[in-house]
Amino acid sequence: MAGTIAVSGGLAQRPGRGGHAWVFVTWLLALRELGWSVVFVDRLEEAWIDHPVPGSVEAGWLAEVMRRFDLERDWALLYEQGDRSLGLTREELRERLDDSATLINVMGYLDDPELRDRPRHRIYLDIDPGWPQMWTKLGLYEGLAQHDDYVTVGRNLGAAGCKVPECGIDWNPIWPPVLLDQWEPTAEVEDFSFTSVATWRGPNSSLEYEGGRYGLRAHSFRQLAVLPESTGETFLLALDLGPEDEEDLRLLLDHGWDLEDPLKVAGDPDSYRDFIRGSGAELSVAKELYALTGSGWFSDRSSAYLAAGKPVLALDTGVPPGPDGGLLVYSSLAEAEQGVAEIGRDRPGHAAAARAFAEEHLDARRVVGSLLERLEVG
């Protein structure tokens, strides 16, 4: 074996979110395929839930995901301010971290310095470009500190025209990796529909920064409300809406959107994958912040669609379209309508181009392996 790499992130706090689980599973399995031993570190604050952590839905969700991917001996869930843990004991976790060549710290989630600083090298992995950087500049966040290298799925950070502050950091951009063998394409589906799995708002709030206001997915989506009517196509969303979103729910239903509960149709890694593989294409609606800043953000969900041979029509965040189709971008309702029509004109061609794009740019072994080589982890 090449040694050990630790990955940290917030999986337990979002039970029933199959797509969210794939973010961490992808990194863990890719590292394992590259010959590394892995350990996953999560934490759960008692204030976040209304029941004891041991035996909780959240702890059970994490344990089940780890079992599903043969990682049952490779995880720890910290609780009670990190003094106690499930899975690996804290002492066992210390030993695994002491043996780790690096820590891949997703959004700086492991913030306990006694554990975070044990690996010889620490990588901050940014999957929400714009929020941690603006929070840092506004004095609201300290999570960027104490890391050696910085990686982001915001492919334009540091480029001309990108409004995301660099915070004095040399960011390493990557595509969100996907495990190609886990997302083999299916035959063209009989009932073709544009789909996606998304939260209407998500865990973060809108931001005001240097005179600009940067919003959420809801703000981007409202501009597309008439898309089912104007195109005559079927649009099915596994959409997480809150009680406060009743007016938006009515807006979508009135204009012909089909809605499903993501907990029912994508509530674990397997059903999430089945939902995507049963789709015709994805309509990807980025959070307004990603688009207005020109961040170059790209979605791990869209990576999965492309790997499954499903074309993606994505809100323009500064990522160029695929040169041969498969990945199309839009910045207005009219451009979204044109993209829908373009995919409809050549569904097989765009499906093949989608998989080809994934094979060239998104293969997890290549993305993760080249990153580790570039950062001299080993």
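The values are calculated or read from the model by the stated rules, or taken from the named source; none is laboratory data. All values derive from a computational prediction rather than experimental measurement. Because the Cβ atoms are built from the backbone with ideal geometry, glycine has one as well, and the counts that use them run over all protein chains shown. Just so you know, the surface numbers come from the protein's heavy atoms only, side chains and all, with ligands and any DNA or RNA stripped out. Shrake-Rupley method; radii C 1.70, N 1.55, O 1.52, S 1.80 Å.
The amide H of E260, built 1.01 Å from its N in the peptide plane, has L237, A238, L239 as neighbours under 5 Å, considering only residues 5 or more places off or on other chains. Sequentially through the range 354-369, phi angles give Karplus couplings (6.51, -1.76, 1.60; θ = phi - 60°) of 4, 5, 4, 4, 4, 5, 7, 10, 10, 3, 4, 4, 6, 4, 5, x Hz, Gly and Pro residues having no value and appearing as x. Here the Karplus curve 6.51 cos²θ - 1.76 cosθ + 1.60, taken at θ = phi - 60°, turns the phi angles of the range 273-285 into couplings of 5, 4, 4, 5, 5, x, 8, x, 7, 10, 9, 9, 10 Hz, with x standing for Gly and Pro. Between W75 and F40, L88, the built amide H atoms are under 5 Å apart, and every one of these is 5 or more places off in sequence or on another chain. Annotation for the range 322-355 versus the range 30-107: alpha-carbon center distance of 40 Å. Its alpha carbons give the chain an Rg and a Dmax of 20.2, 60 Å. Taken per residue, the accessible surface of the chain reaches 41 Å², heavy atoms only and a 1.4 Å probe. Among the lysines of the chain, pairs at least eight places apart or on separate chains and with Cα atoms under 23 Å apart come to 5.
Could you work out the helix-only [θ] at 222 nm for the chain, with each DSSP H run of four or more residues adding -39,500 (n - 2.57) and the total divided by the number of residues, to the nearest 500 deg cm²/dmol? Let's see the in-between values first.
On the way: 15 runs with 132 residues, N = 378.
One gets -10000 deg cm²/dmol as the mean residue ellipticity at 222 nm.
What longest range of the chain stays clear of loop-exposed GluC sites (Glu not before Pro) (DSSP non-H/G/I/E/B, at most 16 other C-beta within 10 angstrom)?
My reading of the result: 211-375 is the longest stretch.
Name the residue from T195, A351, W48 whose Cα lies farthest towards the positive end of the charge dipole of the chain, charges +1 on Cβ of Lys and Arg and -1 on Cβ of Asp and Glu. Ranked along the dipole, the leading option is A351.
If you put +1 on each Lys and Arg Cβ and -1 on each Asp and Glu Cβ, how big is the dipole of the chain around its Cα centre, in Debye rounded to 20? Don't skip to the end; give the middle numbers.
Working: 35 positive and 64 negative charges, 119 e Å.
For this selection, approximately 580 debye.
For the range 57-66, 3J(HN,Hα) computed residue by residue from phi via the Karplus equation (6.51, -1.76, 1.60; θ = phi - 60°) reads 4, 5, 5, x, 4, 4, 4, 5, 4, 5 Hz, glycine and proline entered as x.
Using 0.36 nm times the number of residues separating E95 and D50, minus their current alpha carbon distance, what extension gain do you get? List each step's numbers first, then the result.
Details: separation 45, 0.36 × 45 = 16.20 nm, distance 3.15 nm.
Result: 13.0 nm gained on full extension.
Counting only protein heavy atoms and a probe of 1.4 Å, the accessible surface of the chain is 46% carbon and sulfur.
Amide H contacts of V329: A314, each under 5 Å away and 5 or more positions distant or on a separate chain (H built 1.01 Å from N in the peptide plane; Pro and chain starts excluded).
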